[in-house]
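Trainee: Below you'll find the structure I mean.
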Amino acid sequence: MKISRLNAIEEYVLSKKTVSIDELCEVFGVSKNTIRRDLNELEARGHITKVYGGVTAVLPEDVMPLPVRSSLNPSAKDHIGRLAVREIHEGDTIFVDSGSTAVNVLRHLPPRMKLTVVTHSLPAMVEAAKYDCVNLISLGGAFNPSTSSFVGIAAQQALSDLRISKAFLSATGVTVESGMSNTTFLEAEIKRGVVAHSSHVILIADSSKLGHDATVTFCRLQDISTLITDQKPAPKFIEFCRAHNVRIMWE
């Protein structure tokens, strides 16, 4: 039971970014002493750190372990996957990146649809391999455990020979000013290559990513064709997308 509580507290803090001790006591129904002991143990894992009056996440989402990333906002990611699959048609060549949202697109594919899936994500490869009618192309490269994906020069070179109909890309941060960004340089390089070889770039990002910047920018917002999210975006996003002919889907 304690392990389950520790895992739940960790996921809660990682999703909220910063949380007070009082909030944790209320949410998990335990005393401050218990929460403080739990936080001492969780801090040793390296994903969170204690601050005055509370606790904050240490690692950006791109370098969180994949099981942790996948556990954040699961209903929003599933909803986005259901919306995104409407953009896929018979015969398309699609790219699916290593974001924890992207694999949800594959989970909602029609079972007999014929298409080609290109990816550098190990979980996406596993999911795509379940479909008999999917032609799966994996990019080469070195395996990165933190993102469960293959990155590096070999993966980038493989993209030069491909033409992608629709690229489904996630992001750690999305702003009108800086566009789409994440925290991992090698992942950003892959995404830049995909953008250069794709007819349509489709951003799949839950609402928690909108309005936040990450370290490495890989695509301007005006260069995508569609933004798919789980809630109605702030007015400035809607106005910007309308001005640049970017479609928005959230329901």
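Trainee: Could you figure out which of (1) modelled with pLDDT of 95 or more; (2) open to solvent by 30 Å² or more (accessible area, probe 1.4 Å); (3) out of contact with any Ser or Thr (no Cβ under 8 Å at 6 or more places or on another chain) isn't true of THR226?
Mentor: (2)
Trainee: Could you list, in sequence order, all residues of the range 157-177 that are more than 17 Å from VAL96 (Cα to Cα) and of a type in the set (Gly, Ala, Ser)?
Mentor: Answer for the range 157-177, where residues must be more than 17 Å from VAL96 (Cα to Cα) and of a type in the set (Gly, Ala, Ser): just GLY173.
Trainee: For the range 12-39, name all the residues that are among the aliphatic types (A, V, I, L, M), open to solvent by less than 60 Å² (accessible area, probe 1.4 Å) and under 29 Å from the mean Cα position of the chain (by Cα).
Mentor: Scanning the range 12-39 gives VAL13, LEU14, VAL19, ILE21, LEU24, LEU39.
Trainee: Tell me, which helices (runs of 4 or more DSSP H) lie completely within the range 1-118 with 2 or more residues that are modelled with pLDDT under 80 and of a type in the set (D, E, K, R)?
Mentor: The helices (runs of 4 or more DSSP H) meeting that bar are 2-16.
Trainee: Among what's in the range 117-139 and is touching a residue at least 12 places away in the same chain (Cβ under 8 Å) and among the small types (Gly, Ala, Ser), pick the residue that is most open to solvent (accessible area, probe 1.4 Å).
Mentor: Checked the range 117-139; the qualifying residue most open to solvent (accessible area, probe 1.4 Å) is SER138.
Trainee: Now a separate question. Where in the range 136-251 are the helices (runs of 4 or more DSSP H), entirely inside, with at least 2 residues that are over 26 Å from GLU90 (Cβ atoms) and among the charged types (D, E, K, R)?
Mentor: 185-196, 235-243
Trainee: Surrounded by fewer than 20 Cβ atoms within 10 Å (Cβ to Cβ) and either touching a Lys or Arg at 6+ places or on another chain (Cβ under 9 Å) or among the hydrophobic types (A, V, I, L, M, F, W, C) (or both): which single residue out of ALA205, ALA167, ALA142 fits that description?
Mentor: One residue alone meets the criteria, ALA142.
Trainee: Please count how many residues of the range 16-47 are farther than 24 Å from SER207 by Cβ and in contact (Cβ under 8 Å) with a residue 40 or more places away in the chain.
Mentor: Residues in the range 16-47 being farther than 24 Å from SER207 by Cβ and in contact (Cβ under 8 Å) with a residue 40 or more places away in the chain: 0 in total.
The values are calculated or read from the model by the stated rules, or taken from the named source; none is laboratory data. This structure is a prediction, so every number in the text was calculated from the model and none was measured. Here the Cβ is made from the backbone with ideal geometry for all residues, glycine too, and neighbour counts use every protein chain on show. Surface areas here come from the heavy atoms of the whole protein model, side chains and all, with no ligands, DNA or RNA. Shrake-Rupley method; radii C 1.70, N 1.55, O 1.52, S 1.80 Å.
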